[in-house]
Amino acid sequence: MLPEGTKQVLTDFMKRPIFMIFMIGLAIRLILAPLLTYGFDMMHWALTIQHIQAGAGLYGVDGYWYTPVWGYFLGIWSFVMNLFGVVDYGHVFDEALVLELLPLGHTATVTTIPFNVMMKLPLIAADIIAGLLIYRIIKEITKDEKKATYGFALWFLCPLVIFSSSIQGMFDVVSVMFMLVAVYALMKRQDILAGSAFAAAVLTKMFPGYLIFALIAYLAVNHKGDRETFLRRVGVVSLGAVVMTAIIYIPQILDGTVMDSLAFLSARVGTAIAADTSGSTWDAIASSGMSLILFLQPLIFAAAAFFAYRMYKNDNIRGDQFFICLAATMAVVFVWPAVPQYLLVLLPFLIFMAAMFDKRFFIPFAVISIGALILDIAMVNFSMLMSVAAYTNLLDIGTVVSLAEWMDGPLIFGISKQLALMTIGGAAEVIGPLLALLFIILYEKEARHNV
(Lines give C-alpha, C1' and ligand atoms only; values in the text may rest on other atoms or scores of the structure.)
Protein backbone atom coordinates (compact mmCIF):
# COMPACT_ATOMS: atom_id res chain seq x y z
CA MET A 1 0.00 0.00 0.00
CA LEU A 2 1.22 3.46 -0.89
CA PRO A 3 1.46 6.13 1.84
CA GLU A 4 -1.42 8.59 1.79
CA GLY A 5 0.86 11.47 0.82
CA THR A 6 2.27 9.51 -2.14
CA LYS A 7 -1.24 8.62 -3.28
CA GLN A 8 -2.19 12.29 -3.26
CA VAL A 9 0.90 13.25 -5.28
CA LEU A 10 0.08 10.59 -7.88
CA THR A 11 -3.56 11.64 -7.98
CA ASP A 12 -2.61 15.28 -8.49
CA PHE A 13 -0.13 14.34 -11.23
CA MET A 14 -2.75 12.30 -13.10
CA LYS A 15 -5.01 15.35 -13.18
CA ARG A 16 -2.38 17.49 -14.88
CA PRO A 17 -2.41 17.94 -18.70
CA ILE A 18 1.10 16.51 -19.01
CA PHE A 19 -0.16 13.12 -17.79
CA MET A 20 -2.79 12.94 -20.54
CA ILE A 21 -0.22 13.99 -23.15
CA PHE A 22 2.14 11.32 -21.85
CA MET A 23 -0.52 8.61 -21.99
CA ILE A 24 -1.59 9.55 -25.53
CA GLY A 25 1.99 9.61 -26.79
CA LEU A 26 2.83 6.34 -25.08
CA ALA A 27 -0.30 4.63 -26.43
CA ILE A 28 0.52 5.72 -29.99
CA ARG A 29 4.04 4.31 -29.65
CA LEU A 30 2.94 1.00 -28.17
CA ILE A 31 0.33 0.52 -30.90
CA LEU A 32 2.74 1.32 -33.75
CA ALA A 33 5.75 -0.60 -32.39
CA PRO A 34 4.49 -4.11 -33.25
CA LEU A 35 2.68 -3.11 -36.45
CA LEU A 36 5.20 -1.06 -38.44
CA THR A 37 8.97 -1.56 -38.75
CA TYR A 38 11.76 -0.54 -41.12
CA GLY A 39 13.38 -3.90 -41.65
CA PHE A 40 16.73 -2.71 -43.01
CA ASP A 41 17.84 -1.08 -39.76
CA MET A 42 16.28 -3.76 -37.57
CA MET A 43 18.00 -6.48 -39.59
CA HIS A 44 21.37 -4.93 -38.78
CA TRP A 45 20.60 -4.72 -35.07
CA ALA A 46 19.73 -8.43 -35.14
CA LEU A 47 22.93 -9.26 -37.02
CA THR A 48 25.02 -7.24 -34.58
CA ILE A 49 23.51 -9.04 -31.60
CA GLN A 50 24.14 -12.42 -33.25
CA HIS A 51 27.77 -11.46 -33.94
CA ILE A 52 28.26 -10.40 -30.32
CA GLN A 53 26.70 -13.61 -29.04
CA ALA A 54 28.96 -15.62 -31.36
CA GLY A 55 32.02 -13.94 -29.85
CA ALA A 56 32.88 -11.84 -32.91
CA GLY A 57 32.51 -8.52 -31.10
CA LEU A 58 31.14 -5.37 -32.67
CA TYR A 59 33.56 -5.18 -35.58
CA GLY A 60 34.76 -8.73 -36.06
CA VAL A 61 32.15 -9.33 -38.78
CA ASP A 62 30.82 -6.79 -41.26
CA GLY A 63 27.41 -5.37 -40.35
CA TYR A 64 27.89 -2.76 -37.61
CA TRP A 65 29.29 0.58 -38.80
CA TYR A 66 28.72 2.95 -35.90
CA THR A 67 30.70 4.05 -32.88
CA PRO A 68 30.54 1.58 -29.97
CA VAL A 69 27.84 3.17 -27.77
CA TRP A 70 24.82 1.67 -29.51
CA GLY A 71 26.65 -1.61 -30.03
CA TYR A 72 27.32 -1.93 -26.29
CA PHE A 73 23.66 -1.37 -25.65
CA LEU A 74 22.69 -4.05 -28.18
CA GLY A 75 24.94 -6.53 -26.42
CA ILE A 76 23.51 -5.73 -22.99
CA TRP A 77 19.91 -5.62 -24.22
CA SER A 78 20.23 -9.05 -25.85
CA PHE A 79 20.48 -10.55 -22.35
CA VAL A 80 17.22 -8.84 -21.40
CA MET A 81 15.56 -10.21 -24.53
CA ASN A 82 16.78 -13.68 -23.67
CA LEU A 83 15.20 -13.37 -20.22
CA PHE A 84 11.87 -12.65 -21.91
CA GLY A 85 12.29 -15.54 -24.33
CA VAL A 86 12.94 -13.40 -27.41
CA VAL A 87 15.56 -15.53 -29.18
CA ASP A 88 14.12 -15.70 -32.71
CA TYR A 89 15.20 -12.47 -34.39
CA GLY A 90 14.12 -12.96 -38.00
CA HIS A 91 14.22 -14.94 -41.25
CA VAL A 92 14.87 -14.49 -44.96
CA PHE A 93 11.71 -14.81 -47.07
CA ASP A 94 12.21 -15.79 -50.71
CA GLU A 95 9.00 -14.00 -51.72
CA ALA A 96 10.53 -10.72 -50.55
CA LEU A 97 13.84 -11.03 -52.43
CA VAL A 98 12.53 -8.73 -55.15
CA LEU A 99 12.53 -5.92 -52.58
CA GLU A 100 16.32 -5.98 -52.59
CA LEU A 101 16.26 -4.90 -56.24
CA LEU A 102 14.46 -1.69 -55.29
CA PRO A 103 16.39 1.43 -54.21
CA LEU A 104 17.05 2.61 -50.64
CA GLY A 105 17.93 -0.51 -48.75
CA HIS A 106 14.87 -2.74 -48.63
CA THR A 107 15.61 -6.26 -47.46
CA ALA A 108 14.16 -9.76 -47.66
CA THR A 109 15.35 -10.44 -44.11
CA VAL A 110 12.30 -9.83 -41.96
CA THR A 111 12.70 -9.42 -38.20
CA THR A 112 10.09 -10.92 -35.89
CA ILE A 113 7.45 -8.83 -34.16
CA PRO A 114 8.67 -9.67 -30.60
CA PHE A 115 12.20 -8.65 -31.59
CA ASN A 116 10.95 -5.40 -33.11
CA VAL A 117 8.98 -4.49 -29.99
CA MET A 118 11.84 -5.31 -27.63
CA MET A 119 14.27 -3.21 -29.68
CA LYS A 120 11.92 -0.22 -29.67
CA LEU A 121 11.14 -0.18 -25.95
CA PRO A 122 14.48 1.40 -24.92
CA LEU A 123 14.09 4.00 -27.68
CA ILE A 124 10.63 4.86 -26.37
CA ALA A 125 12.19 5.21 -22.92
CA ALA A 126 14.74 7.62 -24.40
CA ASP A 127 11.84 9.59 -25.95
CA ILE A 128 10.30 9.89 -22.49
CA ILE A 129 13.52 10.97 -20.78
CA ALA A 130 14.25 13.56 -23.48
CA GLY A 131 10.71 14.91 -23.17
CA LEU A 132 10.96 15.17 -19.39
CA LEU A 133 14.28 17.01 -19.70
CA ILE A 134 12.66 19.49 -22.10
CA TYR A 135 9.83 19.92 -19.60
CA ARG A 136 12.21 20.39 -16.67
CA ILE A 137 14.44 22.93 -18.42
CA ILE A 138 11.47 25.05 -19.52
CA LYS A 139 9.79 24.79 -16.12
CA GLU A 140 12.91 25.85 -14.21
CA ILE A 141 13.59 28.81 -16.48
CA THR A 142 10.04 30.15 -16.92
CA LYS A 143 8.37 28.87 -13.72
CA ASP A 144 5.39 28.31 -16.04
CA GLU A 145 3.66 24.90 -16.01
CA LYS A 146 1.75 25.64 -19.22
CA LYS A 147 4.88 26.50 -21.19
CA ALA A 148 6.69 23.43 -19.88
CA THR A 149 3.74 21.19 -20.77
CA TYR A 150 3.55 22.75 -24.22
CA GLY A 151 7.24 21.96 -24.77
CA PHE A 152 6.76 18.36 -23.61
CA ALA A 153 3.76 17.98 -25.94
CA LEU A 154 5.68 19.28 -28.96
CA TRP A 155 8.35 16.65 -28.40
CA PHE A 156 6.34 13.66 -27.23
CA LEU A 157 3.55 14.00 -29.81
CA CYS A 158 5.88 14.94 -32.67
CA PRO A 159 5.28 12.54 -35.61
CA LEU A 160 8.99 12.46 -36.54
CA VAL A 161 10.02 11.54 -32.99
CA ILE A 162 7.38 8.81 -32.86
CA PHE A 163 8.36 7.45 -36.28
CA SER A 164 12.08 7.34 -35.49
CA SER A 165 11.76 5.37 -32.27
CA SER A 166 8.56 3.37 -32.67
CA ILE A 167 8.63 2.51 -36.39
CA GLN A 168 12.13 2.92 -37.75
CA GLY A 169 13.86 1.80 -34.59
CA MET A 170 16.83 4.13 -35.11
CA PHE A 171 18.85 5.31 -32.12
CA ASP A 172 19.30 9.04 -32.80
CA VAL A 173 16.96 9.79 -29.89
CA VAL A 174 19.57 8.28 -27.56
CA SER A 175 22.06 10.90 -28.73
CA VAL A 176 19.41 13.60 -28.21
CA MET A 177 18.78 12.32 -24.69
CA PHE A 178 22.48 12.49 -23.78
CA MET A 179 22.73 15.94 -25.38
CA LEU A 180 19.88 17.28 -23.25
CA VAL A 181 21.43 15.73 -20.14
CA ALA A 182 24.64 17.61 -20.98
CA VAL A 183 22.83 20.94 -21.44
CA TYR A 184 20.80 20.54 -18.25
CA ALA A 185 23.79 19.36 -16.20
CA LEU A 186 25.84 22.35 -17.37
CA MET A 187 23.03 24.67 -16.31
CA LYS A 188 22.96 22.99 -12.88
CA ARG A 189 26.78 23.20 -12.53
CA GLN A 190 27.14 19.41 -12.57
CA ASP A 191 30.21 19.62 -14.77
CA ILE A 192 31.50 16.04 -14.65
CA LEU A 193 28.05 14.81 -15.68
CA ALA A 194 27.83 17.48 -18.39
CA GLY A 195 31.14 16.45 -19.94
CA SER A 196 30.38 12.74 -19.69
CA ALA A 197 26.92 13.14 -21.24
CA PHE A 198 28.29 15.36 -24.01
CA ALA A 199 30.90 12.75 -24.93
CA ALA A 200 28.25 10.02 -24.88
CA ALA A 201 26.00 12.13 -27.13
CA VAL A 202 28.76 12.79 -29.68
CA LEU A 203 29.94 9.19 -29.65
CA THR A 204 26.39 7.97 -30.23
CA LYS A 205 25.79 10.30 -33.19
CA MET A 206 28.28 13.05 -34.08
CA PHE A 207 25.89 16.02 -34.54
CA PRO A 208 25.87 17.29 -30.92
CA GLY A 209 29.59 17.88 -31.38
CA TYR A 210 28.83 21.13 -33.21
CA LEU A 211 27.57 22.55 -29.90
CA ILE A 212 31.02 22.61 -28.33
CA PHE A 213 31.41 26.34 -29.01
CA ALA A 214 28.00 27.16 -27.52
CA LEU A 215 28.73 25.20 -24.33
CA ILE A 216 32.11 26.89 -23.83
CA ALA A 217 30.56 30.30 -24.49
CA TYR A 218 27.85 29.53 -21.91
CA LEU A 219 30.52 28.97 -19.28
CA ALA A 220 32.37 32.11 -20.38
CA VAL A 221 29.19 34.18 -20.08
CA ASN A 222 28.48 32.87 -16.59
CA HIS A 223 32.00 33.67 -15.38
CA LYS A 224 32.92 36.94 -17.05
CA GLY A 225 35.63 38.58 -15.01
CA ASP A 226 36.38 35.32 -13.20
CA ARG A 227 38.81 33.56 -15.49
CA GLU A 228 39.93 31.10 -12.82
CA THR A 229 36.42 29.72 -12.29
CA PHE A 230 35.79 29.63 -16.04
CA LEU A 231 38.97 27.64 -16.69
CA ARG A 232 38.29 25.33 -13.77
CA ARG A 233 34.81 24.50 -15.02
CA VAL A 234 36.05 23.98 -18.58
CA GLY A 235 38.69 21.66 -17.17
CA VAL A 236 36.17 19.65 -15.14
CA VAL A 237 33.78 19.35 -18.10
CA SER A 238 36.69 18.27 -20.30
CA LEU A 239 37.76 15.72 -17.71
CA GLY A 240 34.27 14.21 -17.72
CA ALA A 241 34.33 14.02 -21.52
CA VAL A 242 37.81 12.44 -21.62
CA VAL A 243 36.96 9.85 -18.97
CA MET A 244 33.73 8.88 -20.73
CA THR A 245 35.51 8.65 -24.09
CA ALA A 246 38.17 6.43 -22.55
CA ILE A 247 35.55 4.17 -20.98
CA ILE A 248 33.74 3.83 -24.29
CA TYR A 249 36.86 3.22 -26.37
CA ILE A 250 39.08 1.09 -24.12
CA PRO A 251 37.74 -2.19 -25.65
CA GLN A 252 38.38 -0.88 -29.17
CA ILE A 253 41.87 0.30 -28.26
CA LEU A 254 42.69 -3.08 -26.78
CA ASP A 255 41.48 -5.07 -29.79
CA GLY A 256 42.68 -2.59 -32.43
CA THR A 257 39.28 -1.71 -33.90
CA VAL A 258 39.23 2.05 -33.33
CA MET A 259 39.25 2.82 -37.06
CA ASP A 260 36.55 0.22 -37.65
CA SER A 261 34.35 2.11 -35.20
CA LEU A 262 34.61 5.18 -37.45
CA ALA A 263 33.57 3.29 -40.59
CA PHE A 264 30.19 5.01 -40.77
CA LEU A 265 31.78 8.46 -40.83
CA SER A 266 34.52 7.46 -43.27
CA ALA A 267 31.93 5.86 -45.55
CA ARG A 268 29.98 9.11 -45.64
CA VAL A 269 33.14 11.04 -46.47
CA GLY A 270 34.02 8.49 -49.14
CA THR A 271 30.57 8.88 -50.67
CA ALA A 272 31.02 12.63 -50.75
CA ILE A 273 34.46 12.44 -52.37
CA ALA A 274 33.34 9.88 -54.94
CA ALA A 275 30.14 11.80 -55.75
CA ASP A 276 28.86 8.80 -57.70
CA THR A 277 26.01 9.84 -59.99
CA SER A 278 25.79 6.57 -61.90
CA GLY A 279 23.12 5.00 -59.69
CA SER A 280 19.52 6.02 -59.09
CA THR A 281 18.37 9.63 -59.17
CA TRP A 282 18.21 9.73 -55.40
CA ASP A 283 21.72 8.24 -55.10
CA ALA A 284 22.99 11.02 -57.35
CA ILE A 285 21.24 13.70 -55.29
CA ALA A 286 22.43 12.22 -51.99
CA SER A 287 26.01 11.79 -53.22
CA SER A 288 26.25 15.30 -54.61
CA GLY A 289 24.59 16.76 -51.51
CA MET A 290 26.98 14.93 -49.20
CA SER A 291 29.90 16.23 -51.24
CA LEU A 292 28.65 19.80 -50.86
CA ILE A 293 28.14 19.41 -47.11
CA LEU A 294 31.63 17.97 -46.68
CA PHE A 295 33.23 20.96 -48.37
CA LEU A 296 31.06 23.36 -46.35
CA GLN A 297 32.20 21.96 -43.00
CA PRO A 298 34.74 24.75 -42.36
CA LEU A 299 31.98 27.33 -42.91
CA ILE A 300 29.56 25.44 -40.66
CA PHE A 301 32.10 25.30 -37.83
CA ALA A 302 32.91 28.97 -38.41
CA ALA A 303 29.20 29.81 -38.13
CA ALA A 304 28.92 27.79 -34.90
CA ALA A 305 31.90 29.68 -33.46
CA PHE A 306 30.38 33.00 -34.58
CA PHE A 307 27.06 32.27 -32.86
CA ALA A 308 28.94 31.38 -29.67
CA TYR A 309 31.01 34.58 -29.80
CA ARG A 310 27.87 36.59 -30.42
CA MET A 311 26.21 35.03 -27.39
CA TYR A 312 29.23 35.94 -25.29
CA LYS A 313 29.10 39.57 -26.43
CA ASN A 314 25.30 39.94 -26.11
CA ASP A 315 24.62 38.14 -22.85
CA ASN A 316 23.97 41.40 -20.98
CA ILE A 317 20.98 42.23 -23.19
CA ARG A 318 18.63 39.27 -22.49
CA GLY A 319 18.70 35.85 -20.85
CA ASP A 320 17.72 33.93 -23.98
CA GLN A 321 21.06 34.01 -25.80
CA PHE A 322 22.10 30.47 -24.89
CA PHE A 323 19.02 28.97 -26.50
CA ILE A 324 19.29 31.23 -29.53
CA CYS A 325 22.88 30.07 -29.96
CA LEU A 326 21.93 26.39 -29.64
CA ALA A 327 19.06 26.73 -32.13
CA ALA A 328 21.07 28.76 -34.64
CA THR A 329 24.02 26.37 -34.50
CA MET A 330 21.94 23.29 -35.23
CA ALA A 331 19.85 25.09 -37.86
CA VAL A 332 23.02 25.92 -39.81
CA VAL A 333 24.21 22.33 -39.51
CA PHE A 334 21.03 21.03 -41.19
CA VAL A 335 20.45 23.41 -44.09
CA TRP A 336 20.49 20.41 -46.44
CA PRO A 337 18.15 17.44 -47.05
CA ALA A 338 19.51 15.25 -44.26
CA VAL A 339 18.52 11.70 -43.37
CA PRO A 340 15.27 12.42 -41.49
CA GLN A 341 16.18 11.10 -38.05
CA TYR A 342 19.29 13.30 -37.96
CA LEU A 343 17.00 16.30 -37.51
CA LEU A 344 15.83 15.06 -34.12
CA VAL A 345 18.86 16.84 -32.64
CA LEU A 346 17.55 20.23 -33.83
CA LEU A 347 13.96 19.85 -32.60
CA PRO A 348 14.53 20.39 -28.83
CA PHE A 349 16.11 23.79 -29.46
CA LEU A 350 13.22 24.92 -31.65
CA ILE A 351 10.88 23.70 -28.91
CA PHE A 352 12.75 25.77 -26.31
CA MET A 353 12.45 28.85 -28.50
CA ALA A 354 8.76 28.26 -29.28
CA ALA A 355 7.75 27.48 -25.69
CA MET A 356 9.80 30.12 -23.88
CA PHE A 357 10.40 33.07 -26.18
CA ASP A 358 8.49 33.22 -29.46
CA LYS A 359 5.64 30.98 -30.62
CA ARG A 360 6.59 31.63 -34.25
CA PHE A 361 9.32 29.02 -33.86
CA PHE A 362 6.56 26.42 -33.97
CA ILE A 363 6.47 27.04 -37.73
CA PRO A 364 9.99 25.76 -38.54
CA PHE A 365 9.45 22.99 -35.99
CA ALA A 366 6.30 21.89 -37.82
CA VAL A 367 7.83 22.24 -41.30
CA ILE A 368 10.84 20.12 -40.31
CA SER A 369 8.75 17.52 -38.48
CA ILE A 370 6.26 17.06 -41.31
CA GLY A 371 8.84 17.30 -44.10
CA ALA A 372 11.18 14.79 -42.48
CA LEU A 373 8.24 12.48 -41.80
CA ILE A 374 7.23 12.61 -45.47
CA LEU A 375 10.79 11.80 -46.49
CA ASP A 376 10.94 8.97 -43.94
CA ILE A 377 7.66 7.43 -45.12
CA ALA A 378 8.71 7.75 -48.76
CA MET A 379 12.04 6.03 -48.13
CA VAL A 380 10.58 3.20 -46.04
CA ASN A 381 7.16 3.12 -47.78
CA PHE A 382 5.19 -0.12 -47.67
CA SER A 383 8.15 -2.27 -46.63
CA MET A 384 7.35 -1.22 -43.06
CA LEU A 385 4.49 -3.75 -43.24
CA MET A 386 6.78 -6.72 -43.88
CA SER A 387 6.87 -8.07 -40.33
CA VAL A 388 3.09 -8.03 -40.07
CA ALA A 389 2.83 -9.73 -43.48
CA ALA A 390 5.43 -12.37 -42.66
CA TYR A 391 4.29 -13.31 -39.15
CA THR A 392 0.53 -12.67 -39.06
CA ASN A 393 -2.52 -13.34 -41.22
CA LEU A 394 -3.38 -9.67 -41.56
CA LEU A 395 -1.44 -9.27 -44.83
CA ASP A 396 0.57 -11.38 -47.24
CA ILE A 397 4.11 -10.69 -48.43
CA GLY A 398 3.08 -10.55 -52.08
CA THR A 399 0.76 -7.62 -51.42
CA VAL A 400 3.48 -5.68 -49.61
CA VAL A 401 5.97 -6.34 -52.42
CA SER A 402 3.44 -5.18 -55.01
CA LEU A 403 2.77 -1.97 -53.09
CA ALA A 404 6.52 -1.28 -52.76
CA GLU A 405 6.98 -1.84 -56.51
CA TRP A 406 4.03 0.49 -57.18
CA MET A 407 5.73 3.21 -55.15
CA ASP A 408 8.86 2.75 -57.25
CA GLY A 409 6.79 3.12 -60.44
CA PRO A 410 6.62 6.35 -62.49
CA LEU A 411 4.37 9.23 -61.47
CA ILE A 412 5.18 11.91 -64.06
CA PHE A 413 8.06 12.58 -66.47
CA GLY A 414 9.63 9.30 -65.43
CA ILE A 415 9.86 10.38 -61.79
CA SER A 416 8.73 7.68 -59.39
CA LYS A 417 6.10 8.24 -56.75
CA GLN A 418 8.73 7.53 -54.13
CA LEU A 419 11.19 10.10 -55.51
CA ALA A 420 8.44 12.72 -55.83
CA LEU A 421 7.53 12.34 -52.15
CA MET A 422 11.17 12.33 -51.15
CA THR A 423 11.75 15.55 -53.08
CA ILE A 424 8.84 17.23 -51.26
CA GLY A 425 10.10 16.01 -47.89
CA GLY A 426 13.70 16.95 -48.64
CA ALA A 427 12.66 20.47 -49.72
CA ALA A 428 10.75 20.94 -46.46
CA GLU A 429 13.82 19.76 -44.54
CA VAL A 430 15.83 22.58 -46.11
CA ILE A 431 13.10 25.21 -45.71
CA GLY A 432 12.61 24.44 -42.01
CA PRO A 433 16.14 25.32 -40.80
CA LEU A 434 16.18 28.37 -43.08
CA LEU A 435 12.93 29.52 -41.49
CA ALA A 436 14.45 28.96 -38.05
CA LEU A 437 17.39 31.20 -38.94
CA LEU A 438 15.02 33.83 -40.39
CA PHE A 439 12.91 33.85 -37.21
CA ILE A 440 16.05 34.15 -35.09
CA ILE A 441 17.04 37.25 -37.07
CA LEU A 442 13.54 38.73 -36.74
CA TYR A 443 13.32 37.88 -33.04
CA GLU A 444 16.66 39.51 -32.30
CA LYS A 445 15.81 42.57 -34.38
CA GLU A 446 12.50 43.03 -32.56
CA ALA A 447 14.14 42.48 -29.19
CA ARG A 448 16.79 45.14 -29.88
CA HIS A 449 14.05 47.54 -30.95
CA ASN A 450 12.18 46.94 -27.68
CA VAL A 451 15.21 47.46 -25.43
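The values are calculated or read from the model by the stated rules, or taken from the named source; none is laboratory data. Nothing here was measured: the structure is a model prediction, and the numbers come from that model. Here Cβ is always computed from backbone atoms with ideal geometry, including for glycine, and neighbour counts include all displayed protein chains. Protein only, heavy atoms only, side chains kept; ligands, DNA and RNA dropped before computing areas. Shrake-Rupley method; radii C 1.70, N 1.55, O 1.52, S 1.80 Å.
In degrees from 0 to 90, rounded to the nearest 10, what is the angle of the helix 4-14 Cα long axis to the longest principal axis of the chain?
70
How big is the C-alpha Rg of segment 108-239 next to the rule-of-thumb value 2.2 N^0.38 Å, as a ratio? List each step's numbers first, then the result.
Values: Rg = 17.2 Å, N = 132, 2.2 N^0.38 = 14.1 Å.
Its radius of gyration relative to the 2.2 N^0.38 Å reference: 1.22.
Taking just the alpha carbons, could you work out the radius of gyration and Dmax for segment 34-177, both in angstroms?
Rg then Dmax for segment 34-177, in Å: 17.5, 58.
Could you check how many percent of all C-alpha pairs in segment 316-358 are farther apart than 16 Å? Before the final figure, lay out the partial values.
On the way: 344 of 903 pairs.
Taking all Cα-Cα pairs of segment 316-358, the fraction more than 16 Å apart is 38 percent.
Cβ neighbours within 10 Å, averaged per peptide: list 186-198, 95-107 in order, most packed at the top. Numbers along the way, then the final one.
Values: 186-198: 20.1, 95-107: 17.2.
So the order, starting with the most tightly packed, is 186-198, 95-107.
Count the net charge of all other residues whose Cβ sits under 14 Å from the Cβ of Ala378, scoring Lys and Arg as +1 and Asp and Glu as -1. Please report the intermediate quantities before stating the final value.
Details: positive: Lys417; negative: Asp376, Asp408, Glu429.
Once all neighbours under 14 Å are counted, the net charge is -2.
Starting with the highest mean, order 82-93, 53-64 by the number of other Cβ atoms within 10 Å, averaged over the residues of each peptide. Write out the running numbers ahead of the final one.
Working: 82-93: 13.8, 53-64: 15.9.
Put in order of decreasing packing, that is 53-64, 82-93.
Excluding Thr111 itself, calculate the net charge of residues whose Cβ lies under 13 Å from the Cβ of Thr111, where each Lys or Arg counts +1 and each Asp or Glu counts -1.
Numbers: positive: Lys120; negative: Asp41, Asp88.
Local charge sum for Thr111: -1.
Give me the orientation-averaged projected area of the Cα convex hull of the chain, in nm², one decimal. Each step should come with its number before you reach the end.
Details: hull surface 99.8 nm².
If I average the Cα hull's projected area over directions, I get 25.0 nm².
If the viscosity is 0.692 mPa s and the temperature 37 °C, what Stokes-Einstein diffusion coefficient in µm²/s follows for segment 171-258 when Rh is the Kirkwood radius over Cα pairs?
Values: Rh = 13.3 Å.
D, rounded to a whole number, is 247 µm²/s.
Quick one: pull the percent of accessible area on segment 382-441 belonging to carbon and sulfur, 1.4 Å probe, ligands and nucleic acids left out. Provide the component values of the computation, followed by the final result.
Details: 2160 of 2870 Å².
Exposed carbon and sulfur together represent 75 percent of the surface.
Would you work out the relative contact order for the chain, in percent, from Cα pairs under 8 angstrom that are 6 or more residues apart?
Here the relative contact order equals 18 percent.
Provide the packing ranking of 372-378, 22-28, 123-129, i.e. peptides ordered by the mean count of other C-beta atoms within 10 Å per residue, highest first. Walk me through the numbers before you get to the answer.
On the way: 372-378: 23.6, 22-28: 15.4, 123-129: 19.9.
Descending mean neighbour count gives 372-378, 123-129, 22-28.
Working from Cα positions, state the angle (0 to 90°, nearest 10) between the long axis of helix 145-156 and the longest principal axis of the chain.
Helix 145-156 sits at roughly 30 degrees to that axis.
Regarding segment 294-396, what are the three Cα extents along the principal axes, ordered largest first, in Å?
Result for segment 294-396: principal-axis Cα extents of 64, 35, 18 Å.
Which order do Tyr135, Tyr309, Tyr150 take by accessible area at a 1.4 Å probe, largest first? Walk me through the numbers on the way to the answer.
Details: Tyr135 20, Tyr309 135, Tyr150 80 Å².
In descending accessible area the options line up as Tyr309, Tyr150, Tyr135.
For a distance above 13 Å, tell me the whole-number percent of Cα pairs in segment 8-81 that qualify.
Working: 1974 of 2701 pairs.
Every Cα pair in segment 8-81 considered, those over 13 Å come to 73 percent.
Which whole number of Å³ per residue matches the convex hull of the alpha-carbon atoms in segment 85-159?
Working: hull volume 8.8 nm³, N = 75.
Expressed per residue, the convex hull around the Cα atoms of segment 85-159 is 117 Å³.
Please work out the average accessible area per residue across the chain, using the 1.4 Å probe convention, and give it in Å². Intermediate values should be presented prior to the final figure.
On the way: 20100 Å² over 451 residues.
Solvent-accessible surface per residue comes out at 45 Å².
How many nm separate the modelled label positions at Asn450 and Ile412, each set 7 Å beyond the Cα in the direction of the Cβ?
My value for the distance between the label points is 4.3 nm.
What residues qualify as long-range amide H neighbours of Val110, i.e. H under 5 Å apart, gap of 5 or more or another chain, H built at 1.01 Å from N?
His91, Val92, Phe93
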